[in-house]
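Asks: This is the structure, below, for whatever I ask next.
The values are calculated or read from the model by the stated rules, or taken from the named source; none is laboratory data. Treat the numbers as computed from the prediction; the structure is a model and nothing was measured. Counting neighbours? That spans all protein chains shown, and the Cβs are built from the backbone with ideal geometry, glycine included.
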Amino acid sequence: MVGAVTDSVAVLRGLTGDLVASLCELPIMQTGAGRDGMIRDFAPTPLMLRERSSTRADIELIVGSLQVSYDGPRWDLLELIERVLPTAGASERAAELRRIRSGLTAYDRVRRPPPVHPSEVAQVHLFDLKRPVFVCAGSLPMPCRASVFVLATPTPKLLNYFCESLKQRGTEYPGWRREEVAPCRPALIVHPLHTSADLVVERLKRIAPELDRHHVILAIHATEPDDVTKIREGIAAIFPGTYPHHFVAVLGVPPGTAPPADVVMLPDPKFTVADVQAWVEGIGNAMALPRDSMIRWADVILADLIEDRQSGLPIVKVYERLDFHYGVIQEHRTEAELKRALDYLERTGDLS
């Protein structure tokens with residue numbers, strides 16, 4: 001099994017390397033405006049990592065980002081090839097792009113997970129954290145070592161969901177298998193009375209031996225910049241070298257907190273009406289719900305959550321609402337049962 005995974009990763013690296021070389025030869029990809037046009041409407045990750053001063057570096061970052069943006073019915077990496085193919089005409093470049101497309105399509109078929117039960121799709125950690133999760137997964141170094149990221153959040157609860165989401169969605173990144181990730185621990189919350197930053201650093205020393213067996217993801221919530229710095233320095237001292245597996249430390253801080261200079265700041269989570277609708281749609285598709293039932297369910301979840309176009313939906317309230325509706329779908333697993341539950345919620349005004 002290990003050999004098969006290694007071979008699969010090697011094949012993907014070879015194909016993406018060939019793709020970078022082919023794209024660099026296409027006139028449409030040799031200008032910043034041309035590249036912008038080819039990745040329009042893709043996930044936002046590549047737009048954050050652009051390197052416009054070098055054509056090859058920019059293309060490498062685009063391909064690398066699309067490689068891990070592995071979500072939805074269509075892999076963005078394959079969609080990029082479809083977009084550039086018409087510009088290659090009948091040249092040898094076009095034949096090479098079709099060869100790469102064929103190889104990636106075969107890889108895509110193997111990587112796609114089997115269909116899951118709607119209640120699995122409904123898990124709250126699968127709610128829209130893709131943007132910070134993919135940036136985190138795409139920034140992990142090879143060979144493995146300790147990595148520290150900062151995520152702005154008004155609630156420690158988001159950190160727990162982020163870690164579960166990284167464990168699950170990280171499988172879309174070569175070299176990361178879910179069974180090789182240790183169970184996610186609850187976020188450590190730094191508090192001067194019972195869990196000081198010094199105590200957190202002491203606890204971190206227990207993790208180093210675990211990296212021989214599996215990847216470890218740990219979230220730590222700290223409100224004071226001095227505590228964040230102390231923890232970051234502690235991690236650097238405890239984990240100085242490379243390891244068989246990754247240690248991923250995610251430091252949750254209040255919005256507006258400046259991170260240490262040498263730490264990657266993940267994109268701020270921002271929840272919108274469209275995110276809630278997409279969460280419901282994924283569950284609805286798995287249940288084969290009609291479109292009007294999905295719209296109604298999303299409306300019930302969103303009731304009295306006023307969206308601010310600048311800051312988005314209130315994160316804490318959204319998580320509370322999604323936690324409740326995760327319970328709803330656990331209990332009511334058919335369209336008829338869900339309809340009765342929604343009727344009750346609308347009639348009683350119990351939005352939870």
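Asks: Do you know which residues across region 167-220 are in contact (Cβ under 8 Å) with a residue 24 or more places away in the chain, touching a Gly at 6+ places or on another chain (Cβ under 8 Å), assigned to a helix (DSSP H, G or I) and closer than 17 Å to HIS246 by Cα?
Replies: Within region 167-220, just LEU204 meets the criteria.
Asks: Does region 154-166 hold any residues that are in contact (Cβ under 8 Å) with a residue 60 or more places away in the chain and assigned to a helix (DSSP H, G or I), and which are they?
Replies: PRO156, LYS157, LEU158, LEU159, TYR161, PHE162, CYS163, LEU166
Asks: On the basis of being at pLDDT 80 or above and touching a Lys or Arg at 6+ places or on another chain (Cβ under 7 Å), does PRO290 make the cut?
Replies: Here the answer is no, as PRO290 does not meet what is asked.
Asks: How many of the residues making up region 147-162 are touching a His at 6+ places or on another chain (Cβ under 8 Å), buried (at least 21 other Cβ atoms within 10 Å of the Cβ) and closer than 22 Å to ILE238 by Cα?
Replies: 0
Asks: Here is a check on your reading of the model: is ASP226 out of contact with any Cys (no Cβ under 7 Å at 6 or more places or on another chain), of a type in the set (Asp, Glu) and either surrounded by 14 or more Cβ atoms within 10 Å (Cβ to Cβ) or in a loop (DSSP other than H, G, I, E, B) (or both)?
Replies: The answer is no for ASP226.
Asks: Touching an Asp or Glu at 6+ places or on another chain (Cβ under 6 Å) and at pLDDT 80 or above, is that true of VAL264?
Replies: For VAL264, the condition - touching an Asp or Glu at 6+ places or on another chain (Cβ under 6 Å) and at pLDDT 80 or above - is not met.
Asks: If you don't mind, there's one more thing I want to ask. Test of understanding: among ASP262, ASP268, which residue is in a loop (DSSP other than H, G, I, E, B), of a type in the set (Asp, Glu) and within 19 Å of the chain's Cα centre (by Cα)?
Replies: ASP268
Asks: Scan (1) of a type in the set (Val, Ile, Thr); (2) touching a Lys or Arg at 6+ places or on another chain (Cβ under 9 Å); (3) not assigned by TED's automatic domain parsing to the domain that holds VAL148 for the single condition ILE238 breaks and write down its number.
Replies: (3)
Asks: Which one is modelled with the highest pLDDT, of the residues in region 114-144 that are surrounded by fewer than 16 Cβ atoms within 10 Å (Cβ to Cβ), of a type outside the set (S, T, N, Q) and touching a strand residue (DSSP E or B) at 6+ places or on another chain (Cβ under 8 Å)?
Replies: PRO143
Asks: Would you tally the residues in region 179-191 being more than 16 Å from GLU210 (Cβ to Cβ) and modelled with pLDDT under 90?
Replies: 2
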